[in-house]
Amino acid sequence: MSRIDLHLHTTYSDGSLPPAEVMALAQKANVGTLAITDHDTVDGIPDSLEAAARLGIEVIPGIEISSRYGEGELHILGYFLDWKDEALLVELARLKETRHDRNPRIIQKLNELGLEISYEEVRALAGDVSVGRPHIARVLMNKGYVTSAKEAFDRYLADGAAAHVPRELPAPADAIAMIRAAKGIAVLAHPVWVDRSGDRIHRLCEELKEAGLQGIEVHYSTHKPEQTREYLNTARRLDLLVTGGSDFHGVTKPDIEVGRGRGSLVVSPKLLEPLRKAAAAGLGVLVAILLVAGAVRAQGNSNAATSGGTSERPGRVQEVNGNFQPLNLHAPQGQSPSAPAPGSPALSGSAASPPTPPLAPLPPLMPLGSHTVVTPRPVSPPSFGTFGHR
Ligand SMILES: [Zn+2]
Ligand SMILES: [Zn+2]
């Protein structure tokens, strides 16, 4: 049986290889099914599908959305995404815009500190690639303000440094809502990067599940065996799907291979079936809700034939979500986390992860476009604030 790998990046985000080359490596590694999960974009999906089709590889359309978690980040993977979903594309375009706004703000802060540097200089140095902090560091070096890129980061650009501007990111609940509104399965990426404590990850997953989280990336290139066991246990106790992937980036992370991670990663193809079932069940629930919503709307229209109708487009997921209560990600103070259901199915292996019940109502989701309304308060401060892996 061929391998699977549910976490791969291409040049459409920060990977070093275009989809065709990632697929060629996948074929060499005997990977038959993979998910392309570029950061905050689905732009690489068409190329990936095309390249994979030529080699007989199955591509699950995916994404990895960065969200704000305390001082750090929390990444949510999305699988079986409707990557053509209009609302999703609008949201992603908006996130991209806020990213581009960041660099001029960093320059402005540097100017306020008395350093003469312009955005034009940085753009000229970056050339065709999009401007990032390393380019700003190089201009600072060229102008003699610092002697190394490290010094530029330590003094000005790193988290907490004098000219640091945090990335504007959605709340975790918003990232989950974006994925689910586009019919995707929302999964917590690489929990080990979020918090070293398995207990805190468990409590975080409980809270995120309330926001619509459906799975956890149990198998990951840098998870130690005991961490994998802990996350598997959390998945079993919280009835979350189990996924796994390498987080392949090409030369950016030279020690990580497609389908094999650092050599010992094994992601069982048996994980696919529960994922597929959950994706199909999610679609079924959405269709049922939309049919009911459509019937109610049709009834409303016939009851008020003179109202001039509605400008709403039928069948948009947000209309459904808009009816949900705004999400309270955190339980009221003093409320103890719910205990695992007694007699919940034992997990004799990762493949035994039970699928989401097909008729379970969707959890309340944040309406789209409401970023920063819910600011997640971490269970306790994250053990480290930034990620070295992006
Ligand atoms: Zn990530
Ligand atoms: Zn990743």
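What follows is calculated from the coordinates using simple rules that are stated; it is not laboratory data. What you are looking at is a predicted structure, and each value in this text was computed from that prediction instead of being measured. Counting neighbours? That spans all protein chains shown, and the Cβs are built from the backbone with ideal geometry, glycine included.
Students often forget the sequence filter, so: which aspartates and glutamates lie under 18 Å Cα-Cα from K150 once same-chain residues fewer than 8 apart are removed?
Those aspartates and glutamates meeting the cut-off are D159.
L241's amide H: which non-local residues (gap 5+, or another chain) put their own amide H closer than 5 Å, with H modeled 1.01 Å from N in plane and none for Pro or chain starts?
HN-HN under 5 Å from L241: G215, I216.
Going from the alpha-carbon gyration tensor of region 102-157, what semi-axes, largest first and in whole Å, does one get by taking the root of 5 times each eigenvalue?
Numbers: eigenvalues 48, 33, 20 Å².
Values for region 102-157, descending: 15, 13, 10 Å.
Which residue, G15, G70, I4, has the largest displacement toward the positive end of the dipole of region 1-136 when charges sit on each Cβ (Lys, Arg +1; Asp, Glu -1)?
Looking along the dipole axis, the top candidate is I4.
Between the DSSP loop rule and a limit of at most 13 other Cβ atoms within 10 Å, which GluC sites (Glu not before Pro) in region 114-162 are left? Walk me through the numbers before you get to the answer.
Numbers: sites: E116, E120, E121, E151; in loops: E116.
Hits after loop and neighbour filter: E116.
Kirkwood hydrodynamic radius, computed over distinct alpha-carbon pairs, for region 1-92: how many Å, to one decimal?
Details: mean 1/r = 0.0745 Å⁻¹.
One over the average 1/r among Cα pairs gives 13.4 Å for region 1-92.
Under 12 Å from the Cβ of G212, count the other residues' Cβ atoms, weight Lys and Arg +1, Asp and Glu -1, and hand me the total.
Details: positive: R180, K209; negative: D174, E207, E210.
Its environment carries a net charge of -1.
Could you give the length gained by full extension between Q108 and R237, i.e. 0.36 nm per residue of separation minus their alpha carbon distance, to one decimal place?
Details: separation 129, 0.36 × 129 = 46.44 nm, distance 4.87 nm.
Length gained, Q108 through R237: 41.6 nm.
What is the packing order of peptides 215-228, 259-272, 163-176, taking the mean over residues of other C-beta atoms within 10 Å and listing the highest first? Each step should come with its number before you reach the end.
Numbers: 215-228: 20.3, 259-272: 17.6, 163-176: 22.6.
Sorting 215-228, 259-272, 163-176 by mean packing, highest first, produces 163-176, 215-228, 259-272.
Past 23 Å, Cα to Cα: identify those pairs from K28/K270; K183/K277; K183/K253; K183/K209; K84/K277; K109/K253, in the order given. It would help to have the intermediate numbers written out before the result.
On the way: K28/K270 21 Å; K183/K277 13 Å; K183/K253 31 Å; K183/K209 16 Å; K84/K277 21 Å; K109/K253 31 Å.
As for pairs spanning more than 23 Å Cα to Cα, those are K183/K253; K109/K253.
Considering only the other residues whose Cβ falls under 12 Å of the Cβ of A152, what net charge follows from Lys and Arg at +1 and Asp and Glu at -1?
On the way: positive: R133, R138, K143, K150, R155; negative: E151, D154.
Net local charge, A152 excluded: +3.
Based only on Cα atoms, what mean projected area does the convex hull of region 140-293 have, in nm²? Working shown, then result.
Details: hull surface 50.4 nm².
Its average projected convex-hull area is 12.6 nm².
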